[in-house]
1. What pairs can you find where one residue is in the stretch 70-81 and within 13 Å of Asp51 (Cβ to Cβ) and without any contact (Cβ under 8 Å) to a residue 60 or more places away in the chain, the other is assigned to a helix (DSSP H, G or I) and among the hydrophobic types (A, V, I, L, M, F, W, C), and their Cβ atoms are less than 6 Å apart, with a gap of 6+ or different chains?
2. On the basis of being more than 11 Å from the chain's Cα centre (by Cα), part of a loop (DSSP other than H, G, I, E, B) and modelled with pLDDT of 65 or more, does Arg53 make the cut?
3. Could you grab me the full set of residues in the stretch 56-68 that are of a type outside the set (D, E, K, R) and either at pLDDT 80 or above or under 16 Å from Pro22 (Cβ atoms) (or both)?
4. Just to be sure before I move on: is Asp26 within 25 Å of Gly83 (Cβ to Cβ), surrounded by 10 or more Cβ atoms within 10 Å (Cβ to Cβ), in contact with a helix residue (DSSP H, G or I) (Cβ under 9 Å, 6 or more places away or on another chain) and modelled with pLDDT of 85 or more in the structure I sent?
Amino acid sequence: MLGIDGGTTAAKVAAFGLDGEPLLVDADLNPLTRAIIWQDQRCAAIAKELDGRYTEADKQRIWGGPIVLDASFVGARAEDPEGWRQARWILSRRTSSARS
């Protein structure tokens, strides 16, 4: 881990990798918010409410199978609206691209 094992400090880190987790950045690719990881619990109540709007039959018809709705972006946006306002791109390794 950085800084803990006597190695590189966080101030010297130029880049880091994310395992498919979206990160909001500005036009110059500077991070604006915390990464939205799959374990993110900032939106648990919102996700539960959204998930309750759909029956299992609805989920099968709309998405092709049983899923649990992901409200990660909703929770993260509520936590840092200014970061979201400034965001130009959403970086995600899953797509290997930047999305605006």
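1. From residues that are within 13 Å of Asp51 (Cβ to Cβ) and without any contact (Cβ under 8 Å) to a residue 60 or more places away in the chain, the pairs are Ala71/Ile46; Ala71/Ala47; Ala71/Leu50; Val74/Ile46.
2. On the way: more than 11 Å from the chain's Cα centre (by Cα): yes; part of a loop (DSSP other than H, G, I, E, B): yes; modelled with pLDDT of 65 or more: yes.
Yes; evaluated as a whole, the condition is true for this residue.
3. Within the stretch 56-68, Ala57, Gln60, Ile62, Trp63, Gly64, Gly65, Pro66, Ile67 qualify.
4. Working: within 25 Å of Gly83 (Cβ to Cβ): yes; surrounded by 10 or more Cβ atoms within 10 Å (Cβ to Cβ): yes; in contact with a helix residue (DSSP H, G or I) (Cβ under 9 Å, 6 or more places away or on another chain): yes; modelled with pLDDT of 85 or more: yes.
Against the criterion (within 25 Å of Gly83 (Cβ to Cβ), surrounded by 10 or more Cβ atoms within 10 Å (Cβ to Cβ), in contact with a helix residue (DSSP H, G or I) (Cβ under 9 Å, 6 or more places away or on another chain) and modelled with pLDDT of 85 or more), Asp26 qualifies.
The values are calculated or read from the model by the stated rules, or taken from the named source; none is laboratory data. As the structure is a computational prediction, the values presented were derived from the model and not from experiment. Don't worry about glycine lacking a Cβ; one is built from the backbone with ideal geometry, like all the others, and counts go over all protein chains shown.
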